[in-house]
Amino acid sequence: MNPTITETEARDRVEDYVRGAFSALPAPAARELFSRNRSECTDPTDHGPAGRFEISATYEVTGLEPDTFQAQFDAVVKWWQGHGFTVLTDRRPTDQYVFVRNERDGFDMSLQANELGKLYLGATSPCVWPEGTPEAEPEAEEAAEVAEPERPRPRRAPVDDEDFGQTSWSDGGTAF
């Protein structure tokens with residue numbers, strides 16, 4: 001239940017990291033937003049409580065020729081390494097995919113190219129509380145006052161087959 005940065009701060013840092021890594025690419029490169037997400041941490045890596053979110057953004061990098069992607073990967077990896085990121089997955093040369101994590105703040109980034117000649121750069125925050133701290137739990141007494149105990153439904157009296165037609169089903173089963 002430790003405090004975190006806020007959701008807004010996480011979104012800003014995601015964008016800052018994308019801008020920084022993007023700056024390692026040559027001048028003809030441009031970026032277009034591909035996706036922006038806010039996902040609940042249903043299985044957080046720190047096994048923490050629910051109510052926290054990961055913030056992410058992925059950009060398609062345009063303006064670069066696929067035959068230059070290897071050099072672009074090298075440039076971005078070099079930028080990451082100079083800015084506190086550690087390479088966790090590098091599938092090159094089989095696949096054009098690199099995944100890194102910043103050990104200081106837990107932010108992840110990736111660079112991936114596909115067989116269609118598309119290049120994607122993205123960043124994801126660790127799990128954060130929307131306002132930086134968990135919402136206060138209601139006091140046990142207050143919760144007890146608010147919640148009414150569930151009352152069991154009255155059970156219907158057993159009905160003999162011969163009384164079945166004479167039973168009023170709207171009043172709990174009392175025979176006429």
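The values are calculated or read from the model by the stated rules, or taken from the named source; none is laboratory data. Quick caveat, the model's predicted, so the values are computed rather than measured. FYI the Cβ positions are ideal-geometry reconstructions off the backbone, even for glycines, and counts take in every protein chain you see. Side chains included, ligands, DNA and RNA excluded: accessible areas come from the protein's heavy atoms. Shrake-Rupley method; radii C 1.70, N 1.55, O 1.52, S 1.80 Å.
Are there any pairs, at least 6 apart or on different chains, whose C-beta atoms fall under 9 Å, with the first in the stretch 59-82 and over 11 Å from Val98 (Cβ atoms) and the second among the hydroxyl-bearing types (Ser, Thr, Tyr), and if so, which?
Tyr59/Ser35; Tyr59/Tyr120; Glu60/Tyr120; Val61/Tyr120; Trp79/Ser23
So which of Ala10, Ala27 is without any contact (Cβ under 8 Å) to a residue 40 or more places away in the chain and more than 18 Å from Lys118 (Cβ to Cβ)?
Only one candidate passes the filter, namely Ala27.
Step by step: first the residues of the stretch 20-39, then only those that are loosely packed, with under 12 Cβ neighbours inside 10 Å and not small (Gly, Ala, Ser), then the one that is modelled with the lowest pLDDT. Which residue is that?
Here the residue is Pro28.
Return yes or no: is Ala75 part of a loop (DSSP other than H, G, I, E, B) and more than 22 Å from the chain's Cα centre (by Cα)?
Answer is no for this residue.
Based on what the data block shows, is Val77 farther than 26 Å from Asn2 by Cα, in contact with a Phe, Trp or Tyr (Cβ under 7 Å, 6 or more places away or on another chain), open to solvent by less than 30 Å² (accessible area, probe 1.4 Å) and of a type in the set (Val, Ile, Thr)?
So Val77 fails the test.
Exactly one of these conditions fails for Thr42: (1) touching an Asp or Glu at 6+ places or on another chain (Cβ under 9 Å); (2) in a loop (DSSP other than H, G, I, E, B); (3) exposed (fewer than 12 other Cβ atoms within 10 Å of the Cβ); (4) among the β-branched types (Val, Ile, Thr). Give me its number.
Among (1) touching an Asp or Glu at 6+ places or on another chain (Cβ under 9 Å); (2) in a loop (DSSP other than H, G, I, E, B); (3) exposed (fewer than 12 other Cβ atoms within 10 Å of the Cβ); (4) among the β-branched types (Val, Ile, Thr), the lone unmet condition for Thr42 is (1).
Scan the stretch 117-133 residue by residue and report those that are at pLDDT 95 or above and open to solvent by 70 Å² or more (accessible area, probe 1.4 Å).
Lys118
Quick check on this structure: which one of Thr4, Thr68, Thr58 is surrounded by fewer than 17 Cβ atoms within 10 Å (Cβ to Cβ) and of a type in the set (S, T, N, Q)?
Exactly one residue qualifies, and that residue is Thr68.
Residues Tyr59, Tyr17: which one is on the phi < 0 side of the Ramachandran plot, outside any strand (DSSP E or B) and at pLDDT 95 or above?
It is Tyr17.
Hey, among Thr86, Thr94, which residue is closer than 27 Å to Glu7 by Cα and open to solvent by 40 Å² or more (accessible area, probe 1.4 Å)?
Checking each option against the conditions leaves just Thr86.
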